[in-house]
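Presented below is the structure to which this report refers.
The values are calculated or read from the model by the stated rules, or taken from the named source; none is laboratory data. Just so it is clear, the structure is predicted and the values come from calculations on it, not from any experiment. Heads up, the Cβs are rebuilt from the backbone with ideal geometry, glycines too, and the neighbour counts pull from every protein chain shown. These area figures cover heavy atoms from the full protein model, side chains too; ligands, DNA and RNA do not enter into them. Shrake-Rupley method; radii C 1.70, N 1.55, O 1.52, S 1.80 Å.
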Amino acid sequence: MKWSSKLLALAALPMALVAADGDDASASSSKPKPDKDGKYWIHGDGISAAFIPYGASVTNILFKDQYGIERDLVAGFDNATYYGVDKQHPHFGGVPGRYANRIKNSTFEIDGKKYKVKANENPTKEHPDGLDTLHGGPDGWDWRNFTVLAYTKNSITFQIVDPDGKEGFPGEVVSWATYTLNGRDWDFKLVALSTTKKTPIMLSSHTYWNLDGFANNETNTALNHTLHLPYSGQRVGVDNILIPTGDILANAKGSVNDFWSKPKQLGASFGDKDIVNNCGFNCTGYDNCYTINRQSLSPYDWRTSGPVATLSSEWSGIQLDIFTDQDAFQVYGCQGQNGSMALKKTQGVKTSRNGKDFPRTIAKYGCVVLEVQDYIDGINHPEWMRKQIWGPEDGPYVLQAKYRFSLTSEHKNKCDK
Ligand SMILES: *[C@@H]1O[C@H](CO)[C@@H](O)[C@H](O)[C@H]1NC(C)=O
Ligand SMILES: *[C@@H]1O[C@H](CO)[C@@H](O)[C@H](O)[C@H]1NC(C)=O
Ligand SMILES: *[C@@H]1O[C@H](CO)[C@@H](O)[C@H](O)[C@H]1NC(C)=O
Ligand SMILES: *[C@@H]1O[C@H](CO)[C@@H](O)[C@H](O)[C@H]1NC(C)=O
Ligand SMILES: *[C@@H]1O[C@H](CO)[C@@H](O)[C@H](O)[C@H]1NC(C)=O
Ligand SMILES: *[C@@H]1O[C@H](CO)[C@@H](O)[C@H](O)[C@H]1NC(C)=O
Ligand SMILES: *[C@@H]1O[C@H](CO)[C@@H](O)[C@H](O)[C@H]1NC(C)=O
C-alpha cells in the first residue's frame, strides 16, 4: 500500500473514535433513529438505502426504473430482527469478516506458527463442522451486530470490535464500515486495524442484486442481466469445493467465464457443457473469483479509470457500475436459492401475465452476488504476494468501492450525440 493512502486512512480514524466517545445517552436526544423495522435510511439524489447493525448489512436500495417505478434492488428481510432469526443465513448484504470467502482446511501459518480456525462449510463424517472456513467462521462478522457510530441524512458508520481468539483468529481487530449516498453513487469504505497481533484480514460486501427488483413479469431469474468485467481476463482456479488450487487461469475468449471481451448475459453460456461444474462439483453456473488486471493502466485512479464491473437489465433499464480499489471480484449466481426464501414486501410481481405464476420468493438463479475483494485464500498462497496478514505495525487495512446507479437509456443518449 502507498504511504499516502495509509495516511489518509489514519486521518479518518480519530473522527470515528471521537464519535464513539460521544455515543452515550446525553448525546442521543437529537440523534436520527432507525425506522420501526430497525432500519437506518440514508438518501441521495433519486436513491435511498437502508442499513442495519446486523453484519453492517444493506437491506434495501430503492431506485426508479425506466418507467419511473421504484424498485428495491437487493435481497434482504423486512426487518432487522429477522436477520438473526432466519436459519438459512445467506449473508444478505453484510460485511463478511475478518476473512471473506474460503480458507483451505481452515488453517494458515504466520511467522512459522500454524493456526486452526473454526470450520463451517462442507461437513463430512470425519470433519462434522466442515472442511474449510467460509466468511470468517460460524460466527463471522455478518452474524453479529455492529454498533452505529455516526448517522446522518446521507451516511452511516458502523463499528465492530472482534476479540483476540474469536473463531480461532489471533489478535483483536477493530473495524469500521462507512456507507454514503452521494448523488446516485453508493460509496463504501471498510477500514480495519489489527491492534495486538498479526492476523489475516480480507473483507468484502456481500450484496445480492436483482436489478428488476425481483418484479420482472417475464422471468423470475436474473439470467437475462448483462455483466461486463473488462479487466477480468483471468480467474482463480479452484477445486471441487471452491478452494483455490494456486493456479490463475485464463478466461479464454468465448468461454463460459469470458465476461471481459464484451458484455454478456449471465445465462448466455448455459448451453455450453463447461458451465456444468463451473461453480464446484455438480454445480451449474457461477461462483468464481475473477482477477482485476489493471497493471497496464498503472498508475491509475480507481475512481476515474472506469468501472471494474457493469451489470444491467434490459427489462428495468437499470445499470450498476462498480468502481473499486480491490484486485479481485467474486460473482455468485444464486444457484443455491431454491424458491424457499421470501421476497421483501417492497419486491415481487404485482400482476402476473397470462395467469403465469410468480411466487413471492427468490428463484434459483434469481439474483447475483458481486463481491469486491482480494485474491481468495491468498493467506495460503504466498506466491501471489498479496497483502493479507496485518499486524499492529502495518496501519489500517482499507477497502473502497463506489456503486453508481443509472438508466441504460442515459448511456445510449450519450453515444447518439
Ligand atoms: C420481519 O421480517 C420477516 C422476513 O422478512 C417477516 O417474515 C416477518 O413477518 C417480519 N416481522 C414483522 C413483525 O414485521
Ligand atoms: C441484534 O439486533 C437485532 C435487531 O436490532 C436484535 O433483534 C438482536 O437481538 C440483536 N442481537 C444481539 C446478539 O444483540
Ligand atoms: C489440515 O488441518 C489439520 C488440523 O486440523 C492439520 O493437521 C493438517 O496438517 C492440515 N492439512 C494441510 C494440508 O494443511
Ligand atoms: C432473455 O434474453 C434473451 C436473449 O437476449 C431473449 O431472447 C429472451 O426473450 C429474454 N427473456 C426474457 C424473459 O426477457
Ligand atoms: C447433481 O445435482 C442434481 C440436482 O442439482 C442432483 O439431482 C444429483 O443427484 C446430483 N448428482 C450428484 C452425483 O451429486
Ligand atoms: C431449500 O433450501 C433450504 C436451505 O438450504 C432448505 O432448508 C430447504 O429444505 C430447501 N427446499 C427444497 C424444496 O429443496
Ligand atoms: C410487465 O411489466 C412492464 C414493465 O413494468 C409493464 O409495462 C407491463 O404492463 C407488465 N405486463 C403485465 C402483463 O403486467
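Restricting attention to region 262-294, which residues are exposed (fewer than 15 other Cβ atoms within 10 Å of the Cβ), away from ligand 4 (no atom under 16 Å from the Cβ) and part of a loop (DSSP other than H, G, I, E, B)?
Residues satisfying the conditions are Asn277, Phe281, Asn282.
To keep it simple, each residue is scored yes or no on (1) closer than 28 Å to Ser305 by Cα; (2) away from ligand 6 (no atom under 16 Å from the Cβ); (3) without any contact (Cβ under 8 Å) to a residue 60 or more places away in the chain.
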site	(1), (2), (3)
Gly339	no, no, yes
Gln347	no, yes, no
Gly366	no, no, no
Gln373	yes, yes, no
Asn380	no, yes, no
Val398	yes, yes, no
Thr408	yes, yes, no
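Do we have any residue at all in region 227-246 that's open to solvent by less than 20 Å² (accessible area, probe 1.4 Å), in contact (Cβ under 8 Å) with a residue 60 or more places away in the chain and more than 24 Å from Ile379 (Cβ to Cβ)?
The answer is yes, given that some residue of region 227-246 is open to solvent by less than 20 Å² (accessible area, probe 1.4 Å), in contact (Cβ under 8 Å) with a residue 60 or more places away in the chain and more than 24 Å from Ile379 (Cβ to Cβ).
Of all residues in region 129-143 being in contact with a Pro (Cβ under 9 Å, 6 or more places away or on another chain) and in contact (Cβ under 8 Å) with a residue 24 or more places away in the chain, which is most open to solvent (accessible area, probe 1.4 Å)? Steps first, answer last, please.
Taking region 129-143 and keeping what is in contact with a Pro (Cβ under 9 Å, 6 or more places away or on another chain), we get 129-131, 134-136, 140-142.
So of that shortlist, the ones also in contact (Cβ under 8 Å) with a residue 24 or more places away in the chain come out as 130-131, 134-136, 140-142.
Working: Gly130: 9, Leu131: 63, Leu134: 28, His135: 9, Gly136: 2, Gly140: 0, Trp141: 0, Asp142: 4 Å².
By that ranking, first place goes to Leu131.
Has region 48-64 got any residue that is open to solvent by 50 Å² or more (accessible area, probe 1.4 Å), over 26 Å from Ile389 (Cα atoms) and modelled with pLDDT of 95 or more? Write out each step before concluding.
Residues of region 48-64 open to solvent by 50 Å² or more (accessible area, probe 1.4 Å): 64.
Checking which are over 26 Å from Ile389 (Cα atoms) leaves us with 64.
Subsequent filtering for residues that are modelled with pLDDT of 95 or more retains 64.
Yes; the residues of region 48-64 include at least one that is open to solvent by 50 Å² or more (accessible area, probe 1.4 Å), over 26 Å from Ile389 (Cα atoms) and modelled with pLDDT of 95 or more.
Just to be sure I understand, how many residues within region 285-326 are within 16 Å of ligand 6 (Cβ to nearest atom) and over 30 Å from Ser409 (Cβ atoms)? Explain how you work it out, then say what you get.
Within region 285-326, the first condition is being within 16 Å of ligand 6 (Cβ to nearest atom), and the residues that meet it are 285, 287.
Now restrict to residues that are over 30 Å from Ser409 (Cβ atoms): 287.
Final tally of qualifying residues: 1.
Collect the residues in region 316-341 that are part of a loop (DSSP other than H, G, I, E, B), within 16 Å of ligand 7 (Cβ to nearest atom) and surrounded by 20 or more Cβ atoms within 10 Å (Cβ to Cβ), keeping them in residue-number order.
Applying the first criterion (part of a loop (DSSP other than H, G, I, E, B)) to region 316-341 yields 316-317, 325-327, 333-341.
Imposing the further condition that a residue be within 16 Å of ligand 7 (Cβ to nearest atom) reduces the set to 316-317.
Correct list: Ser316 only.
Do we find a residue being touching a strand residue (DSSP E or B) at 6+ places or on another chain (Cβ under 8 Å) and within 16 Å of ligand 3 (Cβ to nearest atom) anywhere in region 122-129? I'd like the intermediate steps shown before the answer.
Keep residues of region 122-129 that are touching a strand residue (DSSP E or B) at 6+ places or on another chain (Cβ under 8 Å), which gives 122.
After this cut, where a residue has to be within 16 Å of ligand 3 (Cβ to nearest atom) as well, the list is 122.
Within region 122-129 (the criterion being touching a strand residue (DSSP E or B) at 6+ places or on another chain (Cβ under 8 Å) and within 16 Å of ligand 3 (Cβ to nearest atom)), the answer is yes, since at least one residue qualifies.
Among the strands (runs of 3 or more DSSP E) lying completely within region 44-83, list those that include at least 2 residues that are within 16 Å of ligand 7 (Cβ to nearest atom).
On the way: elements: 47-52, 57-64, 70-72.
Filter on region 44-83 gives 57-64, 70-72.
Can you name the residue in region 83-108 that is in contact with a strand residue (DSSP E or B) (Cβ under 7 Å, 6 or more places away or on another chain) and of a type in the set (D, E, K, R) and, of all such residues, is surrounded by the most Cβ atoms within 10 Å (Cβ to Cβ)?
Arg98
Spot the failing condition for Asp357; the list is (1) at pLDDT 95 or above; (2) outside any strand (DSSP E or B), and only one is missed.
Only one criterion in (1) at pLDDT 95 or above; (2) outside any strand (DSSP E or B) is unmet by Asp357, namely (1).
Restricting to region 36-59, count the residues that are over 23 Å from Trp143 (Cβ atoms) and free of Cβ contacts under 8 Å to residues at least 60 places away in the same chain.
Going through region 36-59, the residues over 23 Å from Trp143 (Cβ atoms) turn out to be 36, 41-48.
Applying the additional criterion that residues be free of Cβ contacts under 8 Å to residues at least 60 places away in the same chain yields 36, 41.
Selection size over region 36-59: 2.
Report yes if some residue within region 360-379 is assigned to a helix (DSSP H, G or I), out of contact with any helix residue (DSSP H, G or I) (no Cβ under 7 Å at 6 or more places or on another chain), more than 18 Å from Cys283 (Cα to Cα) and at pLDDT 95 or above; otherwise report no.
Taking region 360-379 first, the residues assigned to a helix (DSSP H, G or I) are 378-379.
Then drop every residue that is not out of contact with any helix residue (DSSP H, G or I) (no Cβ under 7 Å at 6 or more places or on another chain), which leaves 379.
Then drop every residue that is not more than 18 Å from Cys283 (Cα to Cα), which leaves 379.
Right, trim to at pLDDT 95 or above and you get 379.
Within region 360-379, one or more residues are assigned to a helix (DSSP H, G or I), out of contact with any helix residue (DSSP H, G or I) (no Cβ under 7 Å at 6 or more places or on another chain), more than 18 Å from Cys283 (Cα to Cα) and at pLDDT 95 or above.
Restricting to region 97-149, name every residue that is more than 22 Å from the chain's Cα centre (by Cα) and either part of a strand (DSSP E or B) or within 16 Å of ligand 6 (Cβ to nearest atom) (or both).
Hits for region 97-149 are Thr107, Phe108, Glu109, Ile110, Lys113, Lys114, Tyr115, Lys116, Pro123, Gly130.
Could you say which residue among Ala192, Ala222 is assigned to a loop (DSSP other than H, G, I, E, B), in contact (Cβ under 8 Å) with a residue 12 or more places away in the chain and either in contact with a helix residue (DSSP H, G or I) (Cβ under 8 Å, 6 or more places away or on another chain) or among the hydrophobic types (A, V, I, L, M, F, W, C) (or both)?
Details: Ala192 fails: assigned to a loop (DSSP other than H, G, I, E, B).
Ala222 is the lone residue from the list that is assigned to a loop (DSSP other than H, G, I, E, B), in contact (Cβ under 8 Å) with a residue 12 or more places away in the chain and either in contact with a helix residue (DSSP H, G or I) (Cβ under 8 Å, 6 or more places away or on another chain) or among the hydrophobic types (A, V, I, L, M, F, W, C) (or both).
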